[in-house]
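Notes to accompany the following structure.
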Amino acid sequence: MKIIEKIKIKNFGRFKELSLEFDKTLNLLIGDNESGKSTILSAIDMVLSGSRSKV
């Protein structure tokens, strides 16, 4: 199984530039409404699937 270790998001949704490093076991996205949690998931989904869909 492949594991995402880190991502860099540029000019996607509300993020001009964002870098995240992930743990190899469990990761949680926690934040206020409209803070970009779904945008991060959409960016990961777009890279893995090749298309943009609603998460």
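Suppose only helical runs count, i.e. DSSP H with n ≥ 4. What mean residue ellipticity at 222 nm does that imply for the chain under -39500 (n - 2.57) per run, divided by all residues and rounded to the nearest 500 deg cm²/dmol? Show your work: numbers first, answer last.
Values: 1 runs with 13 residues, N = 55.
Roughly -7500 deg cm²/dmol at 222 nm, from the helical runs in the chain.
Averaging the sequence gap over all C-alpha pairs within less than 8 Å and six or more residues apart, then dividing by the number of residues, gives the chain a relative contact order of 25 percent. On the principal axes of its alpha-carbon atoms, the range 6-49 has extents of 27, 25, 18 Å, going from largest to smallest.
Coordinate-derived values only; no laboratory data. All values reported here derive from a predicted model rather than from experimental measurement.
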